[in-house]
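Encoded as structure tokens, the structure appears first; notes follow it.
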Amino acid sequence: MPVKPMADYSNDIEAVTIAPITPRDVESFHQALDIVARERKYLSFLEAPPLDQTRTFILDRIGRGDPGFVAVVRGEVVGWCDISRHDRQIHAHRGTLGMGIVPDYRGRGPGLRLINAALAEARKIGFVRIKLSVHSDNARATSLYEKVGFVTEGVQRDAVKIDGQYLDTIMMAIVERKNAAG
């Protein structure tokens with residue numbers, strides 16, 4: 001499926017709104033996800049899943065109360081950050097963070113605002129451990145994660161293969177027991 005180009009609002013950085021993701025954001029989120037995926041550099045897939053699968057994922061996460069936020073400019077999603085709680089009871093205190101920013105908005109603030117919103121919500125609802133993985137050549141993202149408190153727990157060697165090139169994956173987490181219910 002060809003990717004519809006997004007309108008260029010890159011000069012409107014002050015117009016970026018951070019808000020919880022809603023069902024009305026699904027199609028625009030899907031478009032932003034596809035743009036970032038097709039860069040073949042940052043995500044665990046090389047194109048967005050079909051729209052119906054993306055819709056199911058988002059609606060399931062909203063229904064479960066998982067933290068999920070989007071950066072929106074003039075009605076278009078330009079970034080996202082979500083934390084998916086693990087399903088099993090013994091792992092329900094932890095989640096996995098995923099995020100992405102379309103190219104024109106990287107390094108301009110929405111990423112920090114998104115991750116702070118998602119982490120604040122995760123703390124509020126009792127997450128104790130949040131993990132993520134990041135490609136080892138993504139220094140900008142690694143720096144952002146460290147800035148908000150994530151620490152490196154390990155490296156998976158040759159964990160990713162894109163276009164014949166192997167990359168390591170850095171495993172990071174933030175653990176805050178003070179969030180534990182009880």
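The values are calculated or read from the model by the stated rules, or taken from the named source; none is laboratory data. Everything numeric in this text was worked out from a predicted model, so none of it was measured. Note: ideal-geometry Cβ built from the backbone for every residue, glycine included; neighbour counts use all protein chains shown. The area values use the complete protein model at the heavy-atom level, side chains included, leaving out ligands, DNA and RNA. Shrake-Rupley method; radii C 1.70, N 1.55, O 1.52, S 1.80 Å.
How many residues are open to solvent by 60 Å² or more (accessible area, probe 1.4 Å) and touching a residue at least 40 places away in the same chain (Cβ under 8 Å) if we restrict to the range 86-102?
Of the residues in that region, 1 qualify.
So for the range 1-8 (the condition being open to solvent by 40 Å² or more (accessible area, probe 1.4 Å), at pLDDT 95 or above and part of a loop (DSSP other than H, G, I, E, B)), does at least one residue qualify?
no
If I go through the range 111-120 residue by residue, how many of them are open to solvent by 50 Å² or more (accessible area, probe 1.4 Å) and either at pLDDT below 95 or in contact with a strand residue (DSSP E or B) (Cβ under 9 Å, 6 or more places away or on another chain) (or both)? Walk me through how you get there before you give the answer.
Of the residues in the range 111-120, the ones open to solvent by 50 Å² or more (accessible area, probe 1.4 Å) are 112-113, 116, 120.
Add one more test, that the residue is either at pLDDT below 95 or in contact with a strand residue (DSSP E or B) (Cβ under 9 Å, 6 or more places away or on another chain) (or both), and what stays is 113, 116.
Residues that pass the stated criteria total 2.
More than 17 Å from the chain's Cα centre (by Cα), assigned to a helix (DSSP H, G or I) and either at pLDDT 95 or above or polar (S, T, N, Q) (or both) - does that describe any residue in the range 95-110?
no
Out of all the residues in the range 74-90, which are of a type in the set (Val, Ile, Thr) and within 17 Å of the chain's Cα centre (by Cα)?
The answer is 77, 78, 83.
Can you pull out the residues in the range 111-126 that are free of Cβ contacts under 8 Å to residues at least 60 places away in the same chain and not in a helix (DSSP H, G or I)?
Within the range 111-126, just 126 meets the criteria.
Within the range 54-63, can one find any residue that is outside any helix (DSSP H, G or I) and touching a strand residue (DSSP E or B) at 6+ places or on another chain (Cβ under 8 Å)?
The answer is no, given that none of the residues of the range 54-63 is outside any helix (DSSP H, G or I) and touching a strand residue (DSSP E or B) at 6+ places or on another chain (Cβ under 8 Å).
Assess whether residue 170 counts as being open to solvent by 20 Å² or more (accessible area, probe 1.4 Å) and among the hydrophobic types (A, V, I, L, M, F, W, C).
Details: open to solvent by 20 Å² or more (accessible area, probe 1.4 Å): yes; among the hydrophobic types (A, V, I, L, M, F, W, C): yes.
So residue 170 passes the test.
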